[in-house]
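The values are calculated or read from the model by the stated rules, or taken from the named source; none is laboratory data. Predicted model, so just to flag it, every value in this text is computed and none were measured. Cβ sites come from the backbone with ideal geometry, for glycine too, and all protein chains shown count toward neighbours.
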Amino acid sequence: MVKVSPALNTIWQAVLFISLITVLPALSACGNFIQIVPVTALTPAPVQVQPRESTNSTDLQSTRFVPSRIVAKTIELDAPIVEMGWHTVEQDGQFISEWEIPENEAAWHRNSARPGQGSNIVISGHNESTGGQVFAEVEELQVGDEVTLWTDNNESFTYQVIEKNIIRTFAASIEAQNYLQSITEPTPQEQLTLITCWPRWTNTHRLIVIAAPKQVVTSSR
């Protein structure tokens, strides 16, 4: 049996570590793995959702406003939200849609629900590995913490974190791929889904934070 000296073993471990931290971040920018959706048309189909019940026509109109700011006091998050679009590329003979995540803002998936529409509101953001680090502290959110969305007509919708999941994207299992595919789909009840890369210094996993509605308050900021 060939014996490897401790010094040589240490050098080998150092080389392996440097290779990993060099190659893994280069595999993909954070946004490239956030919901890559196989499509049959050139763009994903818009989400069809029903507004929450109300007898007030003004209230129904308010559900048409898009989120413009996200606030989570426990992690000192207060950031603008912009609408996020997509572009299509061909991959392995199949057209897919890749989301175009902004560098310095949180990104609302424009074919997801709007606050108050009773379905899945999806917002993505970069961590420290790339971009403006807008969601760098999202990993610190705990179950029970509150996240508030403000719309562009100054209406606030408050949600409470109920679930956190970390899913590997590099060499992901079929189960993990299916889960990542499902997290942006419409839901029968309203929920807020936050997506970012994990750990904060790279993009080998996705952190998914799910929050349920707590209350709706109409006021000025």
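A few notes on this one:
- Top-ranked residue in region 124-134 [being over 9 Å from the mean Cα position of the chain (by Cα) and not β-branched (V, I, T); ranked as modelled with the lowest pLDDT]: G131
- Inside region 154-207, residues that are in contact with a strand residue (DSSP E or B) (Cβ under 6 Å, 6 or more places away or on another chain), among the charged types (D, E, K, R) and assigned to a helix (DSSP H, G or I) make up a count of 0.
- So E137, is it in contact with a helix residue (DSSP H, G or I) (Cβ under 6 Å, 6 or more places away or on another chain) and closer than 14 Å to L207 by Cα: yes
- Hits in region 145-169 (condition: touching an Asp or Glu at 6+ places or on another chain (Cβ under 9 Å), buried (at least 18 other Cβ atoms within 10 Å of the Cβ) and polar (S, T, N, Q)): none
- The residues of region 130-144 that are surrounded by fewer than 20 Cβ atoms within 10 Å (Cβ to Cβ) and either closer than 20 Å to S68 by Cα or aromatic (F, W, Y) (or both), listed by number, are G132, Q133, E137.
- Leading residue by the ranking (modelled with the lowest pLDDT) among those in region 65-123 that are over 18 Å from A211 (Cβ atoms), over 15 Å from the mean Cα position of the chain (by Cα) and of a type in the set (S, T, N, Q): S97
- When W108 is tested against (1) touching a residue at least 40 places away in the same chain (Cβ under 8 Å); (2) surrounded by fewer than 19 Cβ atoms within 10 Å (Cβ to Cβ); (3) among the aromatic types (F, W, Y), only condition (2) is not met.
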